[in-house]
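The numbers here are math on the coordinates, done by the rules we state, and not lab data. Small disclaimer: the values here were computed from a predicted structure and weren't measured. Neighbour counts run over all protein chains shown; Cβ positions are idealised from the backbone, glycine included.
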Amino acid sequence: MAKILIVDDNVDMLDTLEHLFIFYDFEVLRAENGQIGLEIAESEKPGLIILDALMPVMNGFEACHKLKTGPKTKDIPIIFLSANYTDREHREKGMEMGADDYLLKPFNAKELIAKTNALLHHKQLMSRLRSDNQLILKKQGRNIPGDDLLQKKVPELENNQITDSLTGLYNNDSFARRSEKELENAVKNQASLSLVLVDVDYFRKVNEAYGEKTGDYVLIRIANVILKNTRPSDIVFRLKNNKFAILLPETDEKTAFYEAEKVRSAILQTKYFDQDFAATSNRRQTPMHVTSSIGLAALGLVSPVAGDLNKQAENALNQAKKNGRNMTIRFSELA
């Protein structure tokens, strides 16, 4: 039974919403203002929050901002339900604060329940994909991000500076440190090392056409696809600007190219709007094909510096985009 937190200063509205959600077999929590709602959300961790905009003590916009920036509550879906803030600018403000939907009072009960179920399913789907990513890492014997720090109280781990909160992969900062370490080991042991950069083609259009929630879903699915199509020895990162990086220790350019092409092909062939995803949306999604451009660099072409290897892979990636995208380009081809 999913737990719903209703935050509204109107007692009659609290009663109405409570009866509605209980009728549809939800467990209901209540709060009379944003401050109390924030405290209950942090302690009870509801599956979803219904939030009024105009309230005393702490209004809905401020509460939404605090909920979406709080480490314990940032992943809880929020639906604004307002009778006072009805203009387009109010809806835009609510969505900018991180709300997942914005409805006006009086509301349609069936629409509210449908949106609630869709958001809860989306949350479960994303959580399942993250768990699947972690399971792949564990089964294949890869280092799970943060595992080496679990025995220590390290601020980096507590502040989520090691992992990407969306995909569960190592993040951009981890990539900078790990690439230097792997390069140092490769030079010391006179071993091969390759770097693959993966960029999702025209990802901005995905967000514009389907919304950021769908965009997040696509990114976590791509992370899942990459993990399933790389080797246990490969180290996968999510970088800034919706890019991914794969470090391939003891791997020469020829083998790395084969591995990169396997990833590119898998991303292309994945069906992102499957039946499971359809249950997270109230509108019918048209089929979507995602492609990726890939740049590859291997140790030994220039001086062995991590920044050089990354720069080479970036140059190769940019060339792949210029050549029409949906392809893998090796830095050696640019010389």
The simple spin-label model distance between Lys138 and Ala114, using points 7 Å out along Cα→Cβ, in nm, is 3.8
Dividing the mean separation of Cα pairs under 8 Å (6+ apart) by the residue count of the chain yields a relative contact order in percent of 13
With Cα springs under 10 Å, the Gaussian network model of the chain assigns the largest mean-square fluctuation among Glu182, Glu261, Glu208 to Glu208
The extension gain from His19 to Lys262, computed as 0.36 nm times the residue separation minus the Cα-Cα distance, is 82.2 nm
Contact order relative to length for the range 1-97, counting C-alpha pairs under 8 Å separated by 6 or more residues, stands in percent at 27
Taking every C-alpha to C-alpha distance in the range 3-123 and binning by 5 Å from 0, the per-bin percentages run 2, 12, 25, 28, 22, 9, 1
The value for the chain (convex hull of the alpha-carbon atoms, volume per residue, Å³) is 150
Cβ-Cβ cut-off under 12 Å around Val225, Lys and Arg +1, Asp and Glu -1: the net charge is +4
Here the gain from full extension of Asp173 to Glu92, 0.36 nm per residue of separation minus their alpha-carbon distance, amounts to 26.0 nm
Projecting the Cα atoms of Leu296, Val225, Thr255 onto the charge dipole of the chain, where Lys and Arg contribute +1 and Asp and Glu -1 at Cβ, the residue farthest towards the positive end is Thr255
Arg231 and Ser131 label points (each 7 Å along its Cα→Cβ direction) are spaced in nm at 3.1
quick note, the chain, DSSP beta bridge pairs, % antiparallel (nearest 5) is 50
If each part is reduced to its alpha-carbon centroid, the range 108-126 and the range 202-225 end up apart, in Å, by 19
Simple spin-label estimate for Lys72/Asn207, 7 Å along Cα→Cβ, in nm, reads 3.0
Pairs over 22 Å Cα to Cα, from Lys240/Lys321; Lys3/Lys228; Lys93/Lys115, come to Lys3/Lys228
To the nearest 20 debye, the chain has a Cα-centred charge dipole, built from +1 on Lys and Arg Cβ and -1 on Asp and Glu Cβ, of 1180
